[in-house]
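Engineer: Sharing a structure here in structure tokens format.
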Amino acid sequence: GGSGKTTVSALFARYVASRGLPVVAIDADINQHLGMVLGVEEEALPRPMGSHLTEIKEWLRGDNPRISSAGSMVKTTPPGRGSRLLELPAVTGGDVSAAGDPVHGGFSVAAPYGPWLMVTGPFGEADLGVACYHSKVGAVELYLNHLVDGPGRYAVVDMTAGADAFASGLFTRFDLTFLVAEPTRQGVGVYRQYRQYAAEHGVAVAVVGNKVQGPQDVAFLREQVGSDLLVCLGHSG
């Protein structure tokens, strides 16, 4: 927490959009700040996917005979014959009603500088003391399980901190996972834990060193994470 995941997610989404490529940025962190960092005002945030799971499941299951109802569909249920699949909008930004499906059309907004924004949403009053946040993040797992992505189309998900991703199957859904690590023992400790859990599941991992203040910090990270270190970003006061 606080390492810079949301900042890096927003910067990458904006970079992809600046190249004219379709990109959806999804806030799946319990601290919902991605919209703010992308420049979306609070009153303009999209409807939260985590509060409309039944609605999303109903559309995704289509007329798949093996899924009798939204209630029988869990976040790991794969698509099959009759299921509806999702494709990223062909262009960045623009009119959300032209997205082509009610999931993108109903749960995303165009953020400044091009990315589309989707959010899991925060806890509601009915969730307090009853549900864990994975009930919200399940909406993202369903989304990615039904997403037909390809070269030049991007889904960027701002995740919860550390090894919490392993509490569900979500950690297996990505082409590449970026761990944002500060040059501290705690930062690389989270990296080692994630690496250990991911080792047997074919999960591709890269490390973004953040808040680096000089060559010694870079050397420390390189010594601790080796070739997984992709890039270092400097500290900004």
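Engineer: Select from ASP158, ASP175, ASP217 the residue whose mean-square fluctuation is largest in a Gaussian network model of the chain (Cα-Cα springs shorter than 10 Å).
Structural biologist: Evaluated over the chain, the most mobile residue of the options is ASP175.
Engineer: Could I ask something else about it? Over region 13-112, average the accessible area per residue using a 1.4 Å probe and give it in Å², no decimals. The partial results should precede the final answer.
Structural biologist: Numbers: 5160 Å² over 100 residues.
On a per-residue basis, region 13-112 sits at 52 Å².
Engineer: Then there's this: Going by accessible area, probe 1.4 Å, with all protein chains left in place, what is the ranking of HIS146, HIS33, largest first? If you can, show how the numbers build up before the last one.
Structural biologist: Details: HIS146 0, HIS33 90 Å².
The ordering from most to least exposed comes out as HIS33, HIS146.
Engineer: Follow-up question, since we're still on this one. Only one of the listed values, (1) 72, 49, 27; (2) 69, 44, 31; (3) 57, 38, 37, was derived from the coordinates as Cα extents along the principal axes in Å; which label is it?
Structural biologist: Answer by label: (3).
Engineer: At what distance in nm do the modelled label points of SER72 and PHE166 sit from each other, each positioned 7 Å from its Cα along Cα→Cβ?
Structural biologist: 3.4 nm
Engineer: Moving on. Taking springs between alpha-carbon atoms closer than 10 angstrom, which of PHE171, PHE220, PHE107 fluctuates most in the Gaussian network model of the chain?
Structural biologist: PHE220
Engineer: Report relative contact order for the chain in percent, whole number only (criteria: Cα-Cα under 8 Å, sequence separation at least 6). Provide the component values of the computation, followed by the final result.
Structural biologist: Details: 403 pairs, mean separation 55.9, N = 237.
Relative contact order comes out at 24 percent.
Engineer: As a test question: what accessible area, to the nearest 10 Å², does LYS75 have when a 1.4 Å probe is rolled over all protein chains in place?
Structural biologist: 60 Å²
Engineer: For a 21 Å ceiling on Cα separation, which of these pairs sit above it: LYS5/LYS57; LYS57/LYS136; LYS5/LYS211? Mind showing how you got there, number by number?
Structural biologist: Numbers: LYS5/LYS57 29 Å; LYS57/LYS136 13 Å; LYS5/LYS211 12 Å.
Flagged as over cut-off: LYS5/LYS57.
Engineer: Now, a different point. Determine the per residue accessible area of region 139-227 with all protein chains present and a 1.4 angstrom probe, expressed in square angstrom.
Structural biologist: Numbers: 4490 Å² over 89 residues.
Spelled out: the 1.4 Å probe surface of region 139-227, per residue, equals 50 Å².
Engineer: Starting from the 7 Å offset along Cα-to-Cβ, what nm value, one decimal, do you get for the label separation of GLU58 and TYR197?
Structural biologist: 3.4 nm
Engineer: Could you tell me what percent of the accessible area of the chain is made up of carbon and sulfur, with a 1.4 Å probe and every protein chain present? If you can, show how the numbers build up before the last one.
Structural biologist: On the way: 6270 of 12120 Å².
The C+S portion of the solvent-accessible surface of the chain is 52 percent.
The values are calculated or read from the model by the stated rules, or taken from the named source; none is laboratory data. Since the model is a prediction, treat every value here as computed from it, not as a measurement. Heads up, the Cβs are rebuilt from the backbone with ideal geometry, glycines too, and the neighbour counts pull from every protein chain shown. Accessible surface is based on the protein model in full, side chains and every heavy atom, while ligands, DNA and RNA are left aside. Shrake-Rupley method; radii C 1.70, N 1.55, O 1.52, S 1.80 Å.
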